[in-house]
Amino acid sequence: MRKVEIGIGDAGAKLIGMIHPDYTMDRAAAFSVRPSIVVCPGGGYAFLSIVEEDEAVAALYASGYNVFSLHYSVGDAIRESEPEEELALAISRLRAMKDELGIGDGIGVMGFSAGGHLAACSCCHWKRYGAASRPDCAVLCYPVTTMGEYGHEGSTIALCHGDEKRVGYFSLENQVEDGCPPVFIWHTQDDDAVDIHNSLMFYTSLVDAGIPCEYHAFQHGLHGMALGDDASGMPYESASQWFPLARKWLGIHLDFNNRVFL
């Protein structure tokens, strides 16, 4: 494993990466250059969830992907640096550095809660930042997607600062356009922090726009459960199936032919 750290912007955001070595000499060439996933942990745009970051990074790396965790601006820093711009720059930077880093062309994003909102922003607003910032696909885990009726109050306050224009701009159920990449969404009915209607409304908008998407609703599972296994401290046998489902979906949309991981 090779670890890298890449500065993003001028406000202290950074990418922490775990890159697989080149196994071409020992295994099939498919194990040489791999796609990458950028992980956006949650935290209501007030902090970054260590549990979500650690669990997702470990599981994705073990599944064969190169993984980069984005430490984006939160709290008061958002007034000086836009998290969605940091993610756009991070994706563009990875594409520009792919030969130097030894990574493949495919780049997906995975976000949890407010990090899911950030990942969804990269799907809806990429045209503002250029084609290189568009992810190839996105996995949204119990995401915030709206700043409206069903929105998460803390995320709305932290991101929008009471500005109604920002509330509209970041209510992503109204921001889905042609060119949005494929999206995988999952949520639980028990979620008492981010209402499941966030996922339902965004999924409906994707369907209406003809965007390839997949949606899974589980009955039980608390907000912040990450992988939903014993390590997370919130084991939910049914909801924990989201990761095997997402892993297969990612393999299809990132053309990752290491079928041993699927």
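Observations on the model:
- Test result for residue 142, open to solvent by 10 Å² or more (accessible area, probe 1.4 Å), among the hydroxyl-bearing types (Ser, Thr, Tyr) and touching an Asp or Glu at 6+ places or on another chain (Cβ under 8 Å): no
- Residue in the range 219-230 that is surrounded by 15 or more Cβ atoms within 10 Å (Cβ to Cβ), of a type in the set (D, E, K, R) and within 22 Å of residue 51 (Cα to Cα) present: yes
- Within the range 45-88, considering residues that are touching a Ser or Thr at 6+ places or on another chain (Cβ under 7 Å) and surrounded by fewer than 20 Cβ atoms within 10 Å (Cβ to Cβ), the one nearest to residue 4 (Cα to Cα): 51
- Hey, residue 240 within 30 Å of residue 34 (Cα to Cα), among the small types (Gly, Ala, Ser) and either modelled with pLDDT under 95 or open to solvent by 60 Å² or more (accessible area, probe 1.4 Å) (or both) or not: yes
- Pairs are defined by a Cβ separation below 7 Å, a sequence spacing of at least 6 or placement on different chains, a first member in the range 93-105 that is touching a residue at least 60 places away in the same chain (Cβ under 8 Å), and a second member that is assigned to a loop (DSSP other than H, G, I, E, B) and surrounded by 12 or more Cβ atoms within 10 Å (Cβ to Cβ); the pairs so defined are 94/103; 102/22; 102/33; 103/33; 103/34; 104/33; 104/34; 104/35.
- Cβ-Cβ distances below 8 Å connect the following pairs, each with a first residue in the range 128-151 that is free of Cβ contacts under 8 Å to residues at least 40 places away in the same chain, a second residue that is crowded, with 23+ Cβ neighbours inside 10 Å and part of a loop (DSSP other than H, G, I, E, B), and a separation of six or more residues or different chains: 147/170.
- When residue 45 is tested against (1) in a helix (DSSP H, G or I); (2) in contact (Cβ under 8 Å) with a residue 12 or more places away in the chain, exactly one condition is not met: (1).
The values are calculated or read from the model by the stated rules, or taken from the named source; none is laboratory data. Keep in mind that what you see is a predicted model, and the values were worked out from it rather than measured. With ideal geometry, Cβ positions are generated from the backbone for all residues, glycine too; neighbour counts draw on all protein chains shown. Side chains included, ligands, DNA and RNA excluded: accessible areas come from the protein's heavy atoms. Shrake-Rupley method; radii C 1.70, N 1.55, O 1.52, S 1.80 Å.
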